[in-house]
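These notes are about the structure you will find just below.
Derivation of every value follows stated rules applied to the coordinates shown; laboratory data play no part. Fair warning: this is a prediction, and the values are worked out from it, not measured in the lab. Glycine also receives a Cβ, built like all others from the backbone with ideal geometry; neighbour counts cover every protein chain displayed.
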Amino acid sequence: MKQLLWIGGEYRATTSYFELKNPYSLETIADIAIAKPDDVDAAISAANQSAAKMAAMPSYQRAEILEKVAGFLEEEREECARVISEEAAKPLKAARAEVERTIMTYKFASQEARRIHGETVPMDAAPGGEGRLAFTVREPIGVIAAITPFNFPMNLVAHKVGPAIAAGNTVVLKPASQTPLSAYKIAEFFHRAGLPEGALNVVTGSGSSIGDVLIKDERIKMITFTGSPEVGKYIRENSGLKRVTLELGSNSAVIVDDKVNLEKVIPRIVTGAFSYQGQVCISIQRVFVHEHIADTFIEQFINEVKKLKTGNPLNENTDISALISKGDVERTKQWVDEAVAAGAGLKLGGDSSDGIFQPTVLVDVQSTEKVSCEEIFAPVVHINRFKTMEEAIELVNDSKYGLQAGIFTNDIHHGLQAAKKLEVGGVMINEIPTFRVDQMPYGGVKLSGMGREGVKYAVEEMTELKLISFKME
Ligand code: NAP
């Protein structure tokens, strides 16, 4: 199968293609078009030409288009899950869950499209402001470049395209090179749903070459990026005065306080640490357990992790499959070995076979080790002990990242203390930091990014606030 670019409402051939391989079986799935700079330029032109039409489209029509996309996903949910599973090596169970969330995201986008509005402004609150009627409106920002990562290839596209279309913008979408098919599938759904030609364009190829064209083009008004901090920083520093939102990585932590019910908590933490091989931006990487319960916790945790099944992502019962690339397997091994050489205890895993890194549990890891202070993005978790809640909060905050954090506690004061003091975008009390539903505000502080997603919040980022003031005689 040859996958062409999607520009201006039609497929467009180009001169070169790359082989997309299944990360687990290494079989070729499709040949994917590599966009040249003039293809990217054509996509931006198409989006620019369509911008006025989208801005003029009534909100109920934008809402209907988004609702139809959700409907097509519902009809083809199994096919969509297979696409994700094959190109991302995401276990089918997790891929199905992603499709269900993608449906919700487009439904929320459809609802938000109908309620974008401003507010009245009390101009007479300032001397000289009297005699005026003023209000704000939210207008579409124009052409938005959306750059997405491999790990949630449908739902993270939805978190950008959904609110962008809800707000009346147009989009040039650049999906991750490993997961282009999920994005092209969504473009097809939008086309079938009646989105005007050029309102959504998909270009594939190397992130740096396409990225550089998108970042520099004056017709693009905003870049919404989800991916690694290195690329996010590059985009921010090179995109001039464009609006930029960045959803970046983390080394998320969870605190487990004394006296919590371990039978309930441990399976949740195992899910948070190992879903999709730990390749989730809010995967649990660091677990801080009260010293009174640490030994019991470690023993029970390891027993629970041993239940995870590794294998082909297309098998119904697989929990853990191949990492996204061989390079990531090698890097993970190196980081784990370094931590062990520095004194960490290896309780489970630590190696790989057939591209699958075994679920790995380390204990007593120094915070300066890469498995702790860098984002590992692999099925590796470490467990350290704490004595007081102050110490636990300090340990969580001792990070250059700050996306979400979780705390399990029976002490309301500890919960409130954590809520106030944790330096993150979201605090989950009695829940794992990996928890997300698609309408909640979501985003990070520090190196985890800037701006918020969650459809309503993304719509705010993707609109310009305009003030209108009437001076009355
Ligand atoms: P990545 O390597 O940064 O790639 C993300 C996207 O950026 C891809 O489409 C990539 O294209 C593109 N890209 C690469 N270099 C670029 C450049 N110079 N200019 C413009 N675009 C460029 O990230 P990834 O490995 O796909 O995803 C994993 C990362 O995403 C992790 O750090 C994870 O935490 C983060 N993430 C964050 C969130 C969140 O909401 N906070 C959610 C999910 C993932 P190519 O694929 O062609 O290189």
Using a Cα-Cα cut-off of under 18 Å, which aspartates and glutamates could be cross-linked to residue 400, ignoring same-chain neighbours fewer than 8 residues away?
230, 247, 369, 374, 375, 391, 423
Pairwise label distance in nanometres, residue 124 with residue 77, each label 7 Å out on the Cα-Cβ vector:
5.5 nm
Positive-end residue of 433, 382, 343, charge dipole of region 253-438 with Cβ unit charges
433
Using θ = phi - 60° and the Karplus curve 6.51 cos²θ - 1.76 cosθ + 1.60, what whole-Hz ³J(HN,Hα) does each residue of region 17-25 get, with Gly and Pro shown as x?
9, 10, 7, 8, 10, 5, x, 8, 7
Mind jotting down the three principal axis lengths of region 341-405 based on Cα atoms? Whole angstrom, largest first.
42, 24, 17
By a straight-distance test (C-alpha under 15 Å), which aspartates and glutamates pair with residue 309 as possible cross-link partners, with residues fewer than eight away in the same chain excluded?
319, 354
Provide, in order from the shortest bin, the percent of all Cα-Cα pairs of region 54-162 in each 5 Å bin, continuing until the bin that contains the maximum pair distance.
2, 11, 16, 16, 14, 10, 9, 7, 5, 4, 3, 2, 1
Tell me the Kirkwood hydrodynamic radius of region 253-438 in angstroms, computed as one over the mean inverse distance between distinct C-alpha pairs.
16.4 Å
From the C-alpha coordinates alone, can you work out the Kirkwood hydrodynamic radius of the chain, in Å?
23.2 Å
Two pseudo-spin positions, 7 Å from Cα along C-beta at residue 341 and at residue 271, lie apart in nanometres by 3.8 nm
With unit charges on the beta carbons (Lys and Arg positive, Asp and Glu negative) and the dipole taken about the Cα centre of region 38-175, which residue among 156, 43, 54 sits farthest to the positive side?
156
How large is ³J(HN,Hα) for each residue in region 360-368, as worked out from phi by the Karplus curve 6.51 cos²θ - 1.76 cosθ + 1.60 (θ = phi - 60°), to whole Hz, x for Gly and Pro?
10, 10, 10, 10, 6, 9, 6, 5, 8
Treating only the Cβ atoms of Lys and Arg (+1) and Asp and Glu (-1) as charged, compute the dipole magnitude of the chain about its Cα centre; round to the nearest 20 debye.
720 debye
Holding the Cα-Cα limit at 24 Å, pick out from 174/216; 53/233; 2/216; 264/456; 107/160; 221/466 the pairs that are longer than that.
53/233; 2/216; 264/456
DSSP beta bridge pairing in the chain, given as percent antiparallel to the nearest 5:
40 percent
What per residue convex hull volume, in Å³, do the alpha-carbon atoms of region 169-210 yield?
63 Å³
Residues residue 258 and residue 303, FRET efficiency given R0 of 35 Å [Cβ-Cβ distance, rounded to 0.05]
0.95
